[in-house]
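What follows is calculated from the coordinates using simple rules that are stated; it is not laboratory data. Bear in mind the structure is a predicted one, so any value in this text is a computation, not a measurement. Using ideal geometry, Cβ is built from the backbone for each residue, glycine included, and neighbour counts are taken over all protein chains shown.
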Amino acid sequence: MKSHKQITVSQYRLDRRGFLAAACLTLIGRVSLASDERPDSTRWAMLADTHIPTVDNSANPPRNHHYFNPLGNAEKIMTAVAADPTAGMIIAGDLARLEGKIGDYENLAERIALLPEKYPVFMALGNHDHRENFRHVFKKTPGRLVSVEDRHVTIIDAPPIRFIVLDSLKKVNLTEGELSEVQTTWLKDFLADGDHIPTIIVLHHTLSPLGGGFTDVAQFYDVIRPARSVKAVLFGHSHVPGYAAFDDIHLINLPAAGYSFKENVPIGWMNATLTPTAGRFKLNTIGGPAPAEPTTELTWRQ
């Protein structure tokens with residue numbers, strides 16, 4: 001695949017101690033979508049932190065909330081994706097504004113309805129989400145949920161790759177997250193029984209035990225490091241899009257859709273074109289400065 005920027009893991013490897021001390025990255029159920037033929041690539045729309053409110057408060061943005069228009073921003077993104085549909089969309093948590101109210105999810109459902117009929121949208125839950133309220137509004141989510149106690153977990157088979165969408169919500173409106181021993185054990189068992197399909201894990205929280213990450217990140221790394229099928233982890237939470245790596249696993253911080261905490265940090269969504277050996281990610285900006293090189297290509301570990 002041709003892209004504007006080529007990055008391999010050797011160019012920005014982080015050691016375990018160095019990355020676990022970082023608060024965020026630097027700027028910059030199973031459902032089968034398979035057919036009888038396995039495609040060479042699949043293209044997806046990806047974003048995080050929509051923060052949809054029950055009542056539109058964009059006219060009075062909170063302090064240091066830049067490009068703050070969660071409802072309008074979501075409409076822009078859904079309209080743009082509808083005009084150029086991908087295989088599906090993934091939203092990496094903090095779907096709701098602060099406390100995961102019913103009205104938040106109802107408004108999100110209205111924005112999702114702007115997409116083509118039957119277009120699959122998969123959602124992770126973040127610290128501003130509420131499981132029961134989410135399930136009350138989204139009674140039917142794409143695919144089959146995995147049976148993990150008190151968690152919203154989905155496997156998405158999207159040949160030639162696979163997504164695993166995890167749930168890092170510990171407590172509503174508490175900044176830090178947690179996967180839990182039950183979810184981590186399930187993930188370890190699933191990956192141990194895997195079939196070597198290139199796998200991308202999606203969750204909400206940044207991969208750090210500090211600065212609002214999730215508390216059992218070390219256990220998470222212990223699970224994914226030996227699982228060679230795992231190629232990358234996608235997440236949100238920081239509202240800062242960027243790239244890094246842990247050992248040879250790519251770490252991709254998705255852009256926030258609702259707002260940015262800094263004026264020089266863009267908001268928007270990514271288009272990702274994924275193959276068995278690489279991924280090309282293009283940042284589409286709807287607010288803030290667009291990067292000089294919006295496209296980054298990553299080579300998966302083997």
DSSP bridge pairs, the chain: antiparallel proportion in percent, nearest 5: 50 percent
Candidate lysines for bridging to residue 139, where Cα separation is under 16 Å - those fewer than 8 sequence places away on the same chain excluded: 101, 118
Per principal axis, descending, Cα span of the stretch 227-281 in whole Å: 37, 22, 14
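Students often check this: by mean Cβ neighbours within 10 Å, which of 293-301, 154-162 ranks highest, and how do the rest follow? Intermediate results must be reported in sequence, preceding the final value.
Values: 293-301: 19.0, 154-162: 20.6.
So the peptides 293-301, 154-162, ranked by packing, come out 154-162, 293-301.
Going from the alpha-carbon gyration tensor of the stretch 84-150, what semi-axes, largest first and in whole Å, does one get by taking the root of 5 times each eigenvalue? Walk me through the numbers on the way to the answer.
Values: eigenvalues 74, 46, 23 Å².
So the three semi-axes of the stretch 84-150 are 19, 15, 11 Å.
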Over 25 Å [Cα-Cα, the stretch 175-279], rounded percent: 23 percent
Dipole of the chain, positive end: most advanced residue of 259, 243, 55 [Cβ charges, Cα centre]: 243
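Among 42-54, 260-272, how do they line up from the highest to the lowest mean number of other beta-carbon atoms within 10 Å? Present the calculation step by step, with values, prior to reporting the outcome.
On the way: 42-54: 23.6, 260-272: 20.2.
Ranking the peptides 42-54, 260-272 by packing returns 42-54, 260-272.
Just want to confirm a number: the relative contact order over the stretch 249-296, from Cα pairs under 8 angstrom separated by 6+ residues, in percent. Working shown, then result.
Working: 68 pairs, mean separation 14.4, N = 48.
Computed over the stretch 249-296, the figure is 30 percent.
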Charge dipole (debye, nearest 20) of the chain; +1 at Cβ of Lys and Arg, -1 at Cβ of Asp and Glu: 420 debye
Along principal axes, Cα extents of the chain, largest first, whole Å: 49, 42, 41
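Given the DSSP H assignment, sum -39500 (n - 2.57) over each helix run of at least 4 residues in the chain and divide by its residue total; what's the result at 222 nm in deg cm²/dmol, nearest 500? Display every interim value, and only then the final one.
Working: 6 runs with 57 residues, N = 302.
After summing the helix terms and dividing by residue count, I get -5500 deg cm²/dmol.
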Phi to ³J(HN,Hα) by Karplus 6.51 cos²θ - 1.76 cosθ + 1.60 over the stretch 265-273, Hz, x for Gly, Pro: 10, x, 10, x, 8, 10, 9, 10, 9
Dipole axis of the chain (+1 Lys, Arg; -1 Asp, Glu on Cβ), positive-most option in 179, 83, 120: 83
Mean-position separation - Cα centroids, the stretch 143-180 and the stretch 51-73, in angstrom: 26 Å
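Counting pairs of alpha carbon atoms under 8 Å apart in space and at least six apart in sequence, what relative contact order in percent does the stretch 52-141 give?
On the way: 120 pairs, mean separation 32.0, N = 90.
Relative contact order of the stretch 52-141: 36 percent.
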Amide H contacts of residue 48 (H built 1.01 Å from N, under 5 Å, at least 5 apart or other chain): 92, 257
Added length on full extension, which subtracts the Cα-Cα distance from 0.36 nm per residue, residue 247 to residue 84: 55.2 nm
